[in-house]
1. Suppose every K and R has +1 on its Cβ and every D and E has -1 on its Cβ; what is the size of the dipole of the range 1-108 about the Cα centre, in Debye to the nearest 20?
2. Please list, or write none, the aspartates and glutamates whose alpha carbon is within less than 18 Å of the alpha carbon of LYS271, excluding same-chain residues fewer than 8 places away.
3. Of the cross-linked pairs LYS86/LYS280; LYS47/LYS86; LYS229/LYS280; LYS125/LYS280, which ones have a Cα-Cα span greater than 30 Å in the structure shown?
4. Given a cut-off of under 8 Å on Cα pairs at least six residues apart, what relative contact order in percent is computed for the range 1-123?
5. Tabulate in residue order the Karplus-calculated ³J(HN,Hα) for the range 60-73, using 6.51 cos²θ - 1.76 cosθ + 1.60 with θ = phi - 60°, rounded to whole Hz; enter x for Gly and Pro.
Amino acid sequence: MEPKWISELLAHSQLRDQSRIQYSTCLRYWSIWHSLRFGTSLPLARKLVTPLSNEVIQAFVEDHFPVVMGGHVVPRMSARIAAMLKNMGFNRRISCSSESTTIFRVGVIAIAHRLVHLPFDDDQKADLFNRLHIEWVRAGSALAMERNVPTGRGIVLQLRRACPDTRDGVRCAAMVTLLQYLGTKQLAALQFGDLTPGYVAKNKTQPLLRVVEIHIREPINRFQAIFSKPRVFGADADSVVLWGRVRLYDEFGEGIETAPPELPFLVRDRKNGASPVSGKWVSSQLSEIILNAGLESILNSTRRRYWASVVRLRCQRESENQRKLMEMSQRAGLSSMGSVYDILRNPPR
């Protein structure tokens with residue numbers, strides 16, 4: 001039976017039935033966690049309703065930081081509290097609440113404050129979400145090392161090696177590279193104007209390195225929102241540039257070096273000519289490459305249609321660039337980050 005305070009609080013909302021159930025469950029979780037952690041009732045559940053302190057919000061998020069123990073991810077909270085939450089029906093099938101679940105729970109408590117006209121520190125929330133994400137990045141890397149699982153980067157290299165030495169193989173290699181940063185629908189909609197090729201050098205003594213900057217028009221997650229212009233370097237950039245040259249030759253023949261910005265980067269071949277691709281087609285192509293590379297075993301707990309997302313998220317979570325960018329944006333209070341190195345469109349001779 002739903003506690004009275006939750007019914008009264010959610011009466012101020014206009015949630016649909018399913019969303020209301022989720023919010024009610026989430027608020028019960030907060031209430032039980034608070035009583036176990038601090039020995040008192042949740043401030044929102046008292047007769048005289050008061051806001052949760054910043055210290056309580058911080059303790060909640062930090063209690064849900066992931067820690068790798070014995071080949072598994074567990075929450076940082078005390079084992080006693082974690083066990084009692086399980087006994088009360090929460091987190092029964094998992095060892096640790098996911099990053100997105102914790103973000104949802106904090107979001108619900110923030111909305112609950114607004115429903116009863118209480119203040120909530122959104123700046124602290126953003127800072128805690130950054131810290132939470134960094135902890136998941138570190139946990140993912142630690143877990144991969146402990147289980148001897150191929151890293152996201154290792155998967156990408158194996159997939160590219162599995163691409164045949166043909167025109168279609170060149171296209172597949174470019175797709176695998178770009179799927180480190182883009183969703184399947186984003187890749188399907190990619191245009192030449194979204195890619196900036198060039199070269200970078202960290203200082204005058206180091207050789208120039210080929211680079212391709214990807215311009216993400218509509219971010220689909222926090223990583224893309226903060227890191228909206230990711231760059232691929234070296235062999236990664238070579239694979240993208242090589243397919244770009246093939247694509248231009250197919251479209252215009254010899255003599256074209258600069259593509260129209262609106263030209264689709266990917267097309268599929270049909271009897272009546274090239275045609276646009278879809279996110280579903282990109283997923284099917286990647287699935288075929290994964291099977292050819294013999295990597296389906298590491299993704300066997302995931303439905304094939306989501307393999308592309310798993311590869312992308314694994315690459316992003318294990319990215320050293322991402323971890324540094326998250327930490328830098330957190331310290332500087334920035335909503336987005338770019339590279340400190342300028343791209344040289346034409347290398348000096």
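1. On the way: 13 positive and 7 negative charges, 60 e Å.
Value, rounded to 20: 280 debye.
2. The reachable aspartates and glutamates, counting only those whose Cα sits under 18 Å from LYS271, are ASP168, ASP250, GLU251.
3. Numbers: LYS86/LYS280 38 Å; LYS47/LYS86 28 Å; LYS229/LYS280 24 Å; LYS125/LYS280 35 Å.
Among LYS86/LYS280; LYS47/LYS86; LYS229/LYS280; LYS125/LYS280, the Cα-Cα distance tops 30 Å for LYS86/LYS280; LYS125/LYS280.
4. Values: 94 pairs, mean separation 32.3, N = 123.
Averaging sequence separation for qualifying contacts and normalising by length gives 26 percent for the range 1-123.
5. In residue order, the calculated couplings are 4, 5, 5, 5, 9, 5, x, 10, 8, 9, x, x, 9, 9 Hz.
Only the coordinates and a few stated rules stand behind these numbers; no lab work does. This one's a predicted model, so the numbers in the text were calculated from it and none came from an experiment. Here Cβ is always computed from backbone atoms with ideal geometry, including for glycine, and neighbour counts include all displayed protein chains.
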